[in-house]
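The values are calculated or read from the model by the stated rules, or taken from the named source; none is laboratory data. Being a predicted model, the structure only gives us computed values, none of them experimental. Cβ sites come from the backbone with ideal geometry, for glycine too, and all protein chains shown count toward neighbours.
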């Protein structure tokens with residue numbers, strides 16, 4: 001923690017207007033929860049976020065944010081303060097969810113918990129951003145820099161972080177905060193890279209008895225999955241693999257003529273990710289060759305097509321980066337000691353990989369069962385999330401009498417490993 005950030009935080013927390021806004025955030029938390037539920041009950045599969053995007057846009061306009069505009073992709077961004085002078089910070093949460101349009105997204109409440117697919121990830125982030133936006137508007141006349149604030153599409157899965165990629169191409173900003181996550185004190189400052197693939201296996205098929213001995217697309221896929229499951233990966237840097245989908249065949253009496261496999265590979269280190277990627281490719285080639293070698297291929301051979309669906313870069317930034325200080329101080333200011341140097345795959349990956357300071361901050365409250373239909377959200381002390389992001393934003397761009405921790409057009413202490 002730098003002396004400068006400590007002094008700035010202390011000064012902010014003594015500021016009467018800041019104190020008043022912090023109280024307002026807490027007082028309107030019930031409205032924030034209502035907005036969270038409304039957003040969660042508006043389905044938003046990746047690539048089909050339109051209805052939720054429109055709802056979020058309407059809610060953002062009501063906060064008093066200026067120039068709220070959607071782009072052709074469904075991202076929604078507005079402006080607070082002066083983006084022409086001083087540092088510029090962008091704050092977003094993601095609109096999309098992992099659930100398809102047919103998923104029942106109704107939200108139920110039991111005690112302090114809300115239940116529903118997507119109620120936390122990232123409906124809470126969106127609601128927190130709306131609360132932060134209103135708070136920043138209330139103190140806009142004292143901001144030293146500018147805020148771009150809103151929501152982006154395509155964070156989940158095959159979205160490939162395309163939403164934040166488009167925002168980076170469209171806007172100039174010095175730092176970025178994404179509001180996402182289920183743990184109230186978790187601060188993500190490092191970028192875990194991700195490669196995802198769809199592998200389609202095809203073969204001649206046939207009757208299980210009459211054509212026994214022909215190569216099977218399903219057997220080739222199963223050989224691949226089994227070998228992938230036996231790969232040894234390092235604990236540090238954390239490196240993982242997952243065969244998340246294995247689907248094929250029509251009946252038990254038919255030799256599999258097609259099979260689809262979906263693979264997720266991740267690492268906090270670009271070199272380890274590349275090594276894992278090569279191993280997986282070699283395994284699939286060997287598995288298909290083995291299936292053909294032991295089979296009667298007169299009617300045809302098994303082949304495969306491997307298509308990359310996600311390519312998310314790794315990246316790192318120094319622990320003394322100004323935005324990291326601002327975010328950590330934001331959490332500390334509300335009584336939360338941040339879990340530092342956590343790595344994950346979030347919208348922050350893209351700016352970090354391009355040399356722009358970025359962090360992922362929690363939206364408040366506690367979530368569980370994310371990416372499942374059993375997802376839940378505990379609203380206890382949920383107001384602390386927007387309060388922490390609000391303080392982090394003020395520290396980053398500065399306030400009357402308090403110098404910003406960020407520098408305009410700064411790309412400090414960030415390193416792409418891609």
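If residue 347 meets every condition in (1) at pLDDT 95 or above; (2) farther than 22 Å from residue 158 by Cα apart from one, which number is that one?
(2)
State whether the residues of the stretch 16-25 include one that is buried (at least 19 other Cβ atoms within 10 Å of the Cβ), touching a strand residue (DSSP E or B) at 6+ places or on another chain (Cβ under 8 Å) and in the same structural domain as residue 357 (by TED's automatic domain parsing).
yes
Quick one: in the stretch 96-115, of everything that is in a strand (DSSP E or B) and touching a helix residue (DSSP H, G or I) at 6+ places or on another chain (Cβ under 9 Å), which residue is surrounded by the fewest Cβ atoms within 10 Å (Cβ to Cβ)?
The qualifying residue surrounded by the fewest Cβ atoms within 10 Å (Cβ to Cβ) is 109.
Mind checking which helices (runs of 4 or more DSSP H) fall wholly inside the stretch 263-375 and carry at least 2 residues that are outside the structural domain of residue 248 (by TED's automatic domain parsing)?
It comes to 322-333, 349-353.
Do we have residue 141 as surrounded by fewer than 18 Cβ atoms within 10 Å (Cβ to Cβ) and within 27 Å of residue 69 (Cβ to Cβ) here?
yes
Do we find a residue being more than 26 Å from residue 323 (Cα to Cα) and crowded, with 24+ Cβ neighbours inside 10 Å anywhere in the stretch 185-202?
Yes, there is a match, as at least one residue in the stretch 185-202 is more than 26 Å from residue 323 (Cα to Cα) and crowded, with 24+ Cβ neighbours inside 10 Å.
Do we have residue 89 as assigned by TED's automatic domain parsing to the domain that holds residue 350, part of a strand (DSSP E or B) and under 24 Å from residue 23 (Cβ atoms) here?
Yes, satisfied.
Quick one: residue 61 ticks every box in (1) in contact with a strand residue (DSSP E or B) (Cβ under 7 Å, 6 or more places away or on another chain); (2) buried (at least 16 other Cβ atoms within 10 Å of the Cβ) except a single one, so which number is it?
(2)
Would it be correct to say that residue 268 is modelled with pLDDT under 95 and surrounded by 15 or more Cβ atoms within 10 Å (Cβ to Cβ)?
Considered against the rule, which asks whether it is modelled with pLDDT under 95 and surrounded by 15 or more Cβ atoms within 10 Å (Cβ to Cβ), residue 268 comes out as yes.
Of (1) in the same structural domain as residue 264 (by TED's automatic domain parsing); (2) crowded, with 20+ Cβ neighbours inside 10 Å; (3) touching a helix residue (DSSP H, G or I) at 6+ places or on another chain (Cβ under 8 Å), residue 176 satisfies all except one. Which?
Only one criterion in (1) in the same structural domain as residue 264 (by TED's automatic domain parsing); (2) crowded, with 20+ Cβ neighbours inside 10 Å; (3) touching a helix residue (DSSP H, G or I) at 6+ places or on another chain (Cβ under 8 Å) is unmet by residue 176, namely (1).
So which residues in the stretch 72-86 are closer than 26 Å to residue 327 by Cβ, part of a loop (DSSP other than H, G, I, E, B) and at pLDDT 95 or above?
75
Take the residues of the stretch 300-310 that are in contact with a strand residue (DSSP E or B) (Cβ under 7 Å, 6 or more places away or on another chain) and surrounded by 11 or more Cβ atoms within 10 Å (Cβ to Cβ): which is nearest to residue 203 (Cα to Cα)?
302
Identify all residues within the stretch 376-398 that are within 19 Å of residue 145 (Cα to Cα) and outside any helix (DSSP H, G or I); write none if there are none.
Matches in the stretch 376-398: 398 only.
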